[in-house]
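Here is the structure we will look at, set down as structure tokens.
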Amino acid sequence: MLRRIHPTQLYVSLDAVDLEMYNRVCRPKSPHLWDKVLESLHVLKEKKEQGVRTVIRITAVAGLNMENPEGFARLLRIAEPDFIEVKSYMHVGFSRLRLSRQNMAEQEEIRRFANEIAEYSEYKFAGESEPSRVVVLSKNGELSKVG
């Protein structure tokens, strides 16, 4: 589907670094969906090369996927998105049936994890929103310009 659409901005979620973490965090119904996630990273890069603004969102879930920042950076190199959003899981909706409030990371934890990802990648801190529990990274450290 990603190959067929022509948006001005494209978000892709990346919530795991490998199949084991993906199964633990996302609990997919099909064993082949991790391959689709990896394929989506390649398509995201293709879209960027076509002039689409690209973003990868990492929903950080305390106790589940806030580990292996080097692994996240490795996968980010495949897609080379314009921006990376590292955002805390929020305890709302159906997620409350399987996760607890303790799975919501504090802003300080989000900032630390985002900075660890930045250390292993070409990205820099570009901004944050404490009420939203999100940190944004970009290659040039700016929000307004893609670099």
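For E67, the criteria (1) among the acidic types (D, E); (2) farther than 17 Å from C26 by Cα; (3) surrounded by fewer than 17 Cβ atoms within 10 Å (Cβ to Cβ) hold in every case but one, which is (2). If you go through segment 68-91 and keep only what is among the acidic types (D, E) and in contact (Cβ under 8 Å) with a residue 40 or more places away in the chain, you end up with E70, D82, E85. Among strands (runs of 3 or more DSSP E) entirely within segment 1-99, having at least 2 residues that are modelled with pLDDT of 95 or more and either in contact with a helix residue (DSSP H, G or I) (Cβ under 7 Å, 6 or more places away or on another chain) or over 19 Å from Y123 (Cβ atoms) (or both) singles out 53-60, 83-88. In segment 100-114, the qualifying residues are those that are part of a helix (DSSP H, G or I) and touching a residue at least 12 places away in the same chain (Cβ under 8 Å), and the one that is nearest to V43 (Cα to Cα) is A114.
The values are calculated or read from the model by the stated rules, or taken from the named source; none is laboratory data. Bear in mind that the values here come from a model prediction, so they are computed numbers and not experimental data. FYI the Cβ positions are ideal-geometry reconstructions off the backbone, even for glycines, and counts take in every protein chain you see.
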